[in-house]
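Chemist: Let me begin by handing over the structure; questions about it come next.
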Amino acid sequence: MKFISIRDLRKDTAGLRRDLEANREIILTANGKPIAVMTRVGPDDVEEEILAIRRARAKTESQQQPASDSRHDQPPAGDRAR
């Protein structure tokens, strides 16, 4: 996996295109911290790539959320409207 800084991106966008052809993904960094993933796509697979990324993100987010406990979904007994 290749990492590239925002500064390097600004200096060498042609190099970035070459790198994307050689590597499927490149991690974009700011101040040494990852901020984005750039991925190679073609005109015929843009929609498929976006859907795959969204599915993966949704799956990851759903796995990180704790299971809901219905007892905690209701206000305490003294706070319930009568």
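Chemist: Please go through segment 19-29 and give me each residue that is outside any helix (DSSP H, G or I) and farther than 11 Å from Phe3 by Cβ, ordered by number.
Modeler: Taking segment 19-29 as the starting set, the residues that turn out to be outside any helix (DSSP H, G or I) are 23-29.
Across segment 19-29, the qualifying residue is only Arg24.
Chemist: Name the residue that is modelled with the lowest pLDDT, counting only residues in segment 11-58 that are within 17 Å of the chain's Cα centre (by Cα) and exposed (fewer than 10 other Cβ atoms within 10 Å of the Cβ).
Modeler: Let us first name the residues in segment 11-58 that are within 17 Å of the chain's Cα centre (by Cα), namely 24-30, 33-41, 46-58.
Those left that are additionally exposed (fewer than 10 other Cβ atoms within 10 Å of the Cβ): 33, 47.
On the way: Lys33: 97, Glu47: 93.
It comes out as Glu47.
The values are calculated or read from the model by the stated rules, or taken from the named source; none is laboratory data. All values derive from a computational prediction rather than experimental measurement. Cβ coordinates were reconstructed from backbone atoms using ideal geometry, including for glycine residues, and neighbour counts include every protein chain displayed.
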